[in-house]
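For reference, the structure discussed in these notes is given below.
The values are calculated or read from the model by the stated rules, or taken from the named source; none is laboratory data. What you see is a predicted model, and the numbers here were worked out from it, not measured in a lab. For neighbour counting, all protein chains shown are included, and Cβ atoms are generated from backbone atoms with ideal geometry for every residue, glycine included. Heads up: the accessible areas ignore ligands, DNA and RNA and are worked out on the full protein's heavy atoms, side chains in. Shrake-Rupley method; radii C 1.70, N 1.55, O 1.52, S 1.80 Å.
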Amino acid sequence: MKLTVRQENLLESLQDVVSVVPSKSTLPILSTVLMEVKDGKLTLTATDLDISIRAALVEGLQVETEGRICVPARKFTELVKELGPSDVTLMLAKNVLKITSGGTYKIVTADPTDFPEIPKLEDATTLEIESGKLEKLIRRTSYAVASDETRPELTGVYTQIFPEEIRMVATNGHRLAQASIKGDFKEKLSYLLPTKALQQLLRIMNDSSKAVRITGSKSYAAFEINGKTLITRLLEGPFPRYEQVIPKDNSYVVSAPLHAFRAALRRALVLADPVTRPVKLQVEKGRLKIIVETQNVGESDEEIDVNYDGVDLKIGFNGVYLLDLLKTVESERVNIALESSTTAGVFTPDEESPEEPILCLVMPLRLTDE
């Protein structure tokens, strides 16, 4: 194997794949990147057995001879990064990769036949979505997943594909985030996607105008964009029947200014209990009070003007959960639909796009003065 490649192109492709390389593993081969040169193309592949990323490099490439090797991922990436903009010549001699760019460097390689086989998606179904729209879906939902590995089905984002809509839902049992994108998808499918895979996908989607090709089978899903492919093992369900927990008839709707509400919450959380982060919302005609009372720490009591003309209500929430969902709201105001101190609150943008609806639910906390 011998080829010459531009340093910046090689580095970009390496950085696309190396993030999936595990920091520790009982299988040394997983700490490597598989480099394959064939048909005038350089392909880099890395995997942790659950997620695999492949990047194909064609531009700025001069191939003399083909071949395949496994090279230590992090050492090779660090070295290429330090070379600076230039042409880099890579040549394999026995089990050593010779790198020439100004100086000459040698790295011992591993046997490529030991590299795990990347899953092939059998009986797969394919569709496309703009990467910018897919990014919105991921960011608007993935924050609500559970971190408790005892319920693995809650650690992923449930993705439903309908003929005219793609919907993503995430929940940890105490909060729920749902986001949709309308379109023409001609399918009816569902996947339970690991959050780690979706975070890796966000890394490699750097052009919101490009389409992402999604291919799914029973056990795996693949995402292709700009010559890069991410393949992930799907989580096993079943995902909770989330529709049943979303209140349909919360009677009292508060319209609050987004930025003022968010800023008041941040200030209140400074004095909140560091474990449960409780914040009391007290709703009265035309105003919303954000209250924190923490024994041996302090108190916070702040009021903001809101649009509301219903009965007086007070309800407790985890303040961090509220801040997380407010980051996904893009309108100037947020609507808070309430019913009682024991009923979940439903949060939606005041000016919602019918093509990109979102909904966030937060379960209430029991107030100490009840």
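Which ones in segment 208-225 are outside any strand (DSSP E or B) and buried (at least 16 other Cβ atoms within 10 Å of the Cβ)? Hit for segment 208-225 is SER217, nothing else. Can you give me the number of residues within segment 180-202 that are at pLDDT 95 or above, part of a strand (DSSP E or B) and either among the hydroxyl-bearing types (Ser, Thr, Tyr) or buried (at least 23 other Cβ atoms within 10 Å of the Cβ) (or both)? Here the count works out to 2. Annotation: of all residues in segment 96-126 being of a type outside the set (Gly, Ala, Ser) and modelled with pLDDT under 90, the one that is farthest from LEU14 (Cα to Cα) is ASP123. In contact (Cβ under 8 Å) with a residue 12 or more places away in the chain, closer than 26 Å to LEU326 by Cβ, in contact with a Lys or Arg (Cβ under 8 Å, 6 or more places away or on another chain) and among the β-branched types (Val, Ile, Thr): is that true of ILE204 in this structure? Answer is no for this residue.
Residues in segment 231-287 that are in contact (Cβ under 8 Å) with a residue 60 or more places away in the chain, assigned to a helix (DSSP H, G or I) and in contact with a helix residue (DSSP H, G or I) (Cβ under 6 Å, 6 or more places away or on another chain): ARG262, LEU265. Of the residues making up segment 105-122, one or more are part of a helix (DSSP H, G or I), β-branched (Val, Ile, Thr), over 19 Å from the mean Cα position of the chain (by Cα) and loosely packed, with under 14 Cβ neighbours inside 10 Å. Residue count for segment 91-120 satisfying the condition of being over 18 Å from VAL33 (Cβ atoms) and among the aliphatic types (A, V, I, L, M): 1.
Name the single residue that is least open to solvent (accessible area, probe 1.4 Å) among those in segment 85-104 being among the charged types (D, E, K, R) and in a strand (DSSP E or B). Break it down into steps so the answer makes sense when it comes.
Within segment 85-104, the first condition is being among the charged types (D, E, K, R), and the residues that meet it are 87, 94, 98.
Remaining after also requiring in a strand (DSSP E or B): 87, 98.
Values: ASP87: 87, LYS98: 71 Å².
Top of the filtered list is LYS98.
Scanning segment 279-298 for residues that are open to solvent by 50 Å² or more (accessible area, probe 1.4 Å), of a type outside the set (S, T, N, Q) and at pLDDT below 95 gives GLU293, VAL297.
With respect to the conditions (1) closer than 30 Å to GLU66 by Cα; (2) in contact (Cβ under 8 Å) with a residue 40 or more places away in the chain, LEU134 falls short on a single one, namely (1). Condition first: polar (S, T, N, Q) and closer than 20 Å to TYR143 by Cα. Now tell me which residues in segment 298-334 satisfy that. Those that are polar (S, T, N, Q) and closer than 20 Å to TYR143 by Cα: ASN318, THR328, SER331.
If the condition is being farther than 24 Å from THR159 by Cβ and either open to solvent by less than 80 Å² (accessible area, probe 1.4 Å) or in contact with a strand residue (DSSP E or B) (Cβ under 7 Å, 6 or more places away or on another chain) (or both), then segment 243-259 contributes ASN250, SER251, TYR252, VAL253, VAL254, SER255, ALA256, PRO257, LEU258. For segment 334-370, which positions are touching a helix residue (DSSP H, G or I) at 6+ places or on another chain (Cβ under 6 Å) and open to solvent by 10 Å² or more (accessible area, probe 1.4 Å)? Within segment 334-370, just ILE358 meets the criteria. Would you check which residues across segment 137-164 are charged (D, E, K, R) and either modelled with pLDDT under 95 or touching a Leu at 6+ places or on another chain (Cβ under 7 Å) (or both) and list them? ASP148, GLU149, ARG151, GLU153, GLU164, listed by residue number. Residues of segment 58-94 that are closer than 17 Å to LEU3 by Cα and free of Cβ contacts under 8 Å to residues at least 12 places away in the same chain: ALA93, LYS94.
Among the residues here, VAL17 does not qualify as in a helix (DSSP H, G or I), of a type in the set (A, V, I, L, M, F, W, C), open to solvent by less than 20 Å² (accessible area, probe 1.4 Å) and more than 21 Å from ALA222 (Cβ to Cβ). Residues to consider are GLU64, GLU82, GLU78; find the one that is part of a strand (DSSP E or B) and open to solvent by 40 Å² or more (accessible area, probe 1.4 Å). Every option except GLU64 fails the conditions. Scanning segment 288-324 for residues that are among the acidic types (Asp, Glu) and part of a strand (DSSP E or B) gives GLU293, GLU299, ASP301, GLU302, GLU303, ASP305.
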